[in-house]
Ligand SMILES: Nc1ncnc2c1ncn2[C@@H]1O[C@H](COP(=O)(O)OP(=O)(O)OP(=O)(O)O)[C@@H](O)[C@H]1O
């Protein structure tokens, strides 16, 4: 398959936002030109395949500023908040901090305390850069070792100029703020960040076993024991996020990393958003196969859209493809709106029951995440995890 060919399944998993971004990158002669291929994750261009999409229908609540000093953050009530930073200004900026020292003290490594005291002064020279772990639209991710302490983590390097060029400062800032605030064993931790003249570097937990999606593709669908373990962990992670009034909005196997012993680590908070109280959202975002009926109908939605997406994920883990997969967006949407849910014979009765409850058409009828771990399918398989 040539570099500039995108397969139908990959386009299917693309996002409207992403297509818009791609268009904008093409119009701007930006890096999107290189990226339009199914080898996007490993090719030199940014990855635009299988990505979320988003079309803003309403003004969204923004969280408070972070990324102080990088040139990408803003200070509340600061009139210069959204002013693009010139290269000259950027070069004068100091090393940033995203969070207090305890961020690193909670890192899963004995050297973390020592590491913590140094992170404000970090630069790329403080790390041994290991293998490339992946590539996103705005940066590359590497496995790195902090030279002084031996602390191993993932480092995502993003060009400031590209973040500014594609006007995604706010989205980037929100992603960083949200990920930094979340602390849960099934969410990929963001320890902190630093920057230099050209790039911002995010230091993250390194789940060593890579993307769940790759395991799904290489090993085929999972059995009940493995799938139920993943579903239970994901329910826990989402329940935690929702308890903090945060919606993930882009659940799919590509956004799940794996640590040791099948520990699930949800990642990519690029479309996550805070949703305080009974507020509802209207921004259309997510990945086609994972969209809930209320999203497709452009209705207001809340955290139960993530519950639906968990149902789609559970199905994909057991079957190998999402339940409403079709060759076109229109056909997929039609099946979702009809809730045309068909299980292959091998899917067990209790698994069908949980998936059906997660995929209840009406958000009110969906099983609460707290009840997922007590569901018979989960309880039956738990002893074998
Ligand atoms: N903390 C991490 N540990 C291990 N691998 C990671 C980590 N974060 C990202 N990766 C890998 O690097 C790839 C690129 O990640 P990145 O966050 O830049 O992009 P993305 O979120 O997949 O895509 P995009 O930037 O287009 O939204 C991921 O697909 C994943 O395989």
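Here the condition is being more than 10 Å from the ligand (Cβ to nearest atom), assigned to a helix (DSSP H, G or I) and surrounded by 20 or more Cβ atoms within 10 Å (Cβ to Cβ); of 232, 218, it holds for 232 alone.
Within segment 135-149, the presence of a residue that is more than 16 Å from the ligand (Cβ to nearest atom), in contact (Cβ under 8 Å) with a residue 12 or more places away in the chain and under 26 Å from residue 304 (Cβ atoms) is excluded. Of 218, 232, all but one fail to be in contact (Cβ under 8 Å) with a residue 60 or more places away in the chain and farther than 23 Å from residue 291 by Cβ; the exception is 232. Just wondering, is there one or more residues in segment 185-208 that are surrounded by fewer than 20 Cβ atoms within 10 Å (Cβ to Cβ), within 20 Å of residue 378 (Cα to Cα) and at pLDDT 95 or above? Yes, some residue in segment 185-208 is surrounded by fewer than 20 Cβ atoms within 10 Å (Cβ to Cβ), within 20 Å of residue 378 (Cα to Cα) and at pLDDT 95 or above.
At least 3 residues being over 26 Å from residue 255 (Cβ atoms) and modelled with pLDDT of 95 or more is the threshold, and among the strands (runs of 3 or more DSSP E) wholly inside segment 110-171 not one reaches it.
The values are calculated or read from the model by the stated rules, or taken from the named source; none is laboratory data. Small disclaimer: the values here were computed from a predicted structure and weren't measured. Cβ: placed from backbone, ideal geometry, glycine included. Neighbour counts: every protein chain shown.
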